Amino acid sequence: MNKKSILCCALCLLVLFAKAQQITKESFQVINLDYPGLESVKKNYDSGNYEKAAEALLSYYKLRNAKKEPDFSNAEAIVDVKQPLSKANKATADSALLHRFQPHKGYGFFDYGSDINWQNWPVKDNEVRWQLHRVKWWQAMALSYYSIKNEAYAKEWMLQFLDWARKNPLGLSKDNDRFAWRPLEVSDRVQSLVPTFDIFVKSPNFNASFLMAFLNSYHQQANYLPANYANVGNHRLFEAQRVLFAGASFPEFKDAQAWRKSGIEVLNAEIKKQVYPDGMQFELSPVYHAASIDIFLKAYRSAQKAHVANEFPESYKNTVESMIVAFASILFPDYNAPMFGDSWVAEKRVRLRQFSSWLEAFPKNETIRYFATEGKAGKAPNFLSKGLTTAGFYTFRNAWKDPATIMVLKASPPGEFHAQPDNGTFELWKNGRNFMPDAGVYVYSGDAEIMKQREWYRQTRLHNTLTLDNKNMVITKAKLKQWKTSPKLDQLTYTNPSYPELEHQRTVLFVDQQYFIVIDQAIGKATGKIGVHFHLKEDSKAAKNDRQNSVQTNYTDGNNLLIQYLGTDKVNLNAETSKVSYEYRKEMERPAFVFEKNKADGNTQTFITVLYPFEGQKAPAISFKENAGNDFSKGQINLSITVNGKTKNIKSLSN
């Protein structure tokens, strides 16, 4: 879009703005004129001099904001205005001047026209149209203005704000309301507009008539939320937290106290509903679990800002603290958690900033300090392997730092939208490498083609678990039978009613804190092809050995993994198609293999597999036998496993 066309549209908007933004008595209906500092505003208002009242209100805000830095305390990512302007923010802001916006980071920039078309939907991914109305580029424009004081950013932001408000009124259409007024998007604007306002209000182009338009629009958006919160999940948390932030940030509104009260009441109720006793958030997605921690703490800080923190009980902070420790228990040494559900990888610096922020809230917690400082201070948790038995996240671990061996397995109750039909899946880490990352999430929602892409990644066969005829698991409702840890043997046994008339029982043995034996049983009357799937990292150059029923990775640095079927019955080892998505809309093919047997009757089919991390290019020679008294059906385990001539006897109970 060329600058001349945009300039013409801007001039037209300025004319409309001048006509539409008449300052009247009604302009002040949302303002508490008795709020301290607004004495001059009230005096002029009472005299009927509404323009002077608006000028006085503008002076109040300019003075208020001259004394403080913009409030990015609730921003999604940590913003330090003292740091140089990033190239990314500058590029985003400059593109916004040309009406080229990037609604979602999974896509590029789209041209929305000289006369902005807010209904434009260039890719039929719902997130693109939803997130257009989060107007993220406004923050980049504000940061660019803060850094280089180019008034073009301030003028354009004012025009875009008015244009958005004029073209997206509540009730324009059911379709438009679905995107522009979805409560999550409204709450996102309510949050991000606070620091954006803090910066742009200092501009000489920010006048009294625009202030009144801004305040009335902001009030409408914030006031919309309490009656329209999402019914459940992290959306409800985000919305309540941001309403509280609005009330703390603009105490001059008549409804500010009601907003604060609403946000606190919802969060006090939801933290009891959404956080399991073991500390995990009930959507069972590590990424959204970490986001929920941030939500709860941002809300608490907003309450402190408004001097109402005492409305959060002590149990609220205790629960948040337990969430942080639970999150730490499933982390790998690179600070990533498994990509279960709708999760993706995070940069280590982002996680470190989160832990530093969390440490501010809990300065006496030495575990949080340990993670905030990369182990330079504080203390590592007083456990290695850990079972979060309500959420069904189980971590086998021999160390907190590399060369650690770690497996995190999911055997959970039913999850919400972000969960997948994947009970039994796991990720396996050894010495700086995640050998078996989960599939991740490629897209969220949209038209038929987008949903087809999403469902492909949700398939049960795309996870490290058992399937019947490669169909999706019907039920995810794991029941724990055994979880115990010791230096010589950690054990997990659970069952999941995966399919009609087929129960999957999986036992994982972590032997000598070195390697894993996985025992899978397909129990029930159902018949068909049973498969146990293993998905490996995209660069592993994995190769299968049909004679030994094994697969091994081939990393040249010698850090490798052997997967070998140990049973003596016939099994087919096949390669299969697989992909992994570490970021939205980015995917890579990767090697995957499945051990398969036919289940022709009601007899239980058993798979016994060893996952053995090893050093070098030659995998160890491993053999196995069932000893007298071994009976998986009765929960009696009595095995001998021999690795390079050394035999280990393993006895345990799985019931």
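The values are calculated or read from the model by the stated rules, or taken from the named source; none is laboratory data. As the structure is a prediction and not an experimental result, all values here were calculated from the model. FYI the Cβ positions are ideal-geometry reconstructions off the backbone, even for glycines, and counts take in every protein chain you see. With ligands, DNA and RNA removed, areas are computed over all heavy atoms of the protein, side chains included. Shrake-Rupley method; radii C 1.70, N 1.55, O 1.52, S 1.80 Å.
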**Asked** Using unit Cβ charges (K, R positive; D, E negative) and no other charged atoms, how large, in debye to the nearest 20, is the dipole of region 490-635 about its Cα centre?
**Response** 280
**Complete:** Counting Lys and Arg as +1 and Asp and Glu as -1 over every other residue whose Cβ sits under 11 Å from the Cβ of G378, the net charge comes to +2
**Asked** Give me the log10 of I(q) over I(0) for region 511-592 at q = 0.17 Å⁻¹, as the Debye formula computes it from C-alpha points; what are the numbers?
**Response** -0.88
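What ratio of Cα Rg to 2.2 N^0.38 Å holds for region 267-382?
Values: Rg = 13.8 Å, N = 116, 2.2 N^0.38 = 13.4 Å.
So region 267-382 has a normalised radius of gyration of 1.03.
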**Request:** Please list the radius of gyration and Dmax for the chain, considering alpha-carbon atoms only, with Å as the unit.
**Result:** 28.5, 98
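What dipole magnitude, in Debye to the nearest 20, does the chain give about its Cα centre under +1 on Lys/Arg Cβ and -1 on Asp/Glu Cβ? Numbers along the way, then the final one.
Values: 84 positive and 68 negative charges, 153 e Å.
It comes to approximately 740 debye.
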**Request:** Would you mind getting the accessible area per residue of region 357-420, heavy atoms of the protein chains only, 1.4 Å probe, in Å²?
**Result:** 39
**Request:** Report, to the nearest 10°, how far helix 183-200 tilts away from the longest principal axis of the Cα atoms in the chain, using its own Cα long axis and a range of 0 to 90°.
**Result:** 50
**Cross-link reach list, lysines versus K484, counting only Cα pairs under 23 Å and skipping chain neighbours closer than eight places** = K386, K401, K410, K430, K634, K648, K651
**Message:** Considering the Cα positions of region 194-344, please state its Rg to one decimal place and its Dmax as a whole number of Å.
**Reply:** 17.4, 54
**Asked** How many Lys pairs in region 150-267 lie less than 27 angstrom apart by Cα atoms, where the lysines are 8 or more positions apart or on different chains?
**Response** 5
**Request:** May I ask you to give the percent of accessible area on the chain that is carbon plus sulfur, with a probe radius of 1.4 Å?
**Result:** 51
**Prompt:** Binned at 5 Å from 0, what are the whole-percent values of the Cα-Cα distance distribution for region 209-289, short to long?
**Reply:** 3, 15, 24, 20, 15, 10, 7, 4, 2, 1, 0
**Asked** Among G528, A140, N434, whose Cα sits farthest toward the positive end of the charge dipole of the chain (+1 at Cβ of Lys/Arg, -1 at Cβ of Asp/Glu, about the Cα centre)?
**Response** N434
**Request:** With a 1.4 Å probe and every protein chain left in place, tell me how much accessible area K62 has, in Å² to the nearest 10.
**Result:** 60
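Quickly rank 48-55, 98-105 as a protection proxy: mean count of other C-beta atoms within 10 Å, highest first.
Numbers: 48-55: 18.1, 98-105: 19.6.
Packing proxy ranking, top to bottom: 98-105, 48-55.
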**Message:** Can you give me the long-range amide H partners of F614? Hydrogens built in the peptide plane at 1.01 Å from N, cutoff under 5 Å, separation of 5 or more residues or another chain.
**Reply:** N560, L561, L562
**Request:** Largest first and to the nearest Å, give the Cα extent of region 549-655 along each principal axis.
**Result:** 49, 37, 25
**Message:** For the chain, take the longest principal axis of its alpha carbons; what is the angle in degrees between that and the long axis of helix 151-167, to the nearest 10 within 0 to 90?
**Reply:** 80
**Complete:** Ranked output for segments 497-508, 616-627 by mean other Cβ atoms within 10 Å, highest leading, reads 497-508, 616-627
**Complete:** Surrounding charge for G233, neighbours by C-beta under 11 angstrom, Lys/Arg +1, Asp/Glu -1, total -2
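If you count, for each residue, the other Cβ atoms within 10 Å and average over each peptide, how do 333-344, 169-180 line up from highest to lowest?
Highest to lowest by the protection proxy: 333-344, 169-180.
Give me the 1.4 Å probe accessible area per residue for region 486-543, excluding ligands and nucleic acids, in Å². Write out the running numbers ahead of the final one.
On the way: 1710 Å² over 58 residues.
Per residue, region 486-543 has an accessible area of 29 Å².
Can you give the accessible area per residue of region 24-103, in Å², using a 1.4 Å probe? Could you put the intermediate results ahead of the total?
On the way: 4530 Å² over 80 residues.
Value for region 24-103: 57 Å² per residue.
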**Request:** Give the whole-number value, in cubic angstrom per residue, of the convex hull volume spanned by the C-alpha atoms of region 30-102.
**Result:** 165
**Request:** Any chance you could list P(r) for region 383-441, counting all Cα-Cα pairs in 10 angstrom bins from zero, rounded to whole %?
**Result:** 22, 49, 26, 3
**Complete:** Magnitude of the Cβ-charge dipole (Lys and Arg +1, Asp and Glu -1) of region 553-655 about the Cα centre, nearest 20 debye, reported as 220
**Message:** Taking the 0 to 90 degree range and rounding to the nearest ten, how far is the long axis of helix 234-249 tilted relative to the main principal axis of the chain, both from C-alpha atoms?
**Reply:** 30
**Charge-dipole axis of the chain as Lys and Arg at +1 and Asp and Glu at -1 on Cβ define it, positive-most pick from N365, M451, F296** = N365
**Complete:** When the charge dipole of the chain is computed with +1 at the Cβ of Lys and Arg and -1 at the Cβ of Asp and Glu, the Cα pointing farthest to the positive end, of Y224, F595, I330, is that of I330
**Fill in**
The local net charge around E589, scoring Lys/Arg +1 and Asp/Glu -1 for residues other than E589 whose Cβ lies under 9 Å from its Cβ, equals 0
**Fill in**
Any residue on another chain or 5+ positions along whose placed amide H is under 5 Å from the amide H of L489 is listed here as D512
**Asked** For region 270-287, what does the Karplus curve 6.51 cos²θ - 1.76 cosθ + 1.60, with θ = phi - 60°, yield as ³J(HN,Hα) per residue in whole Hz, taken in order and with x for Gly and Pro?
**Response** 6, 5, 6, 7, 9, 10, 5, x, 7, x, 8, 6, 6, 7, 6, 10, x, 5
**Fill in**
Cα convex hull volume per residue for region 340-480, in Å³, equals 142
**Asked** What value, in deg cm²/dmol to 500, does the helix sum -39500 (n - 2.57) over DSSP H runs of n ≥ 4 give at 222 nm once divided by the residues of the chain?
**Response** -11500 deg cm²/dmol
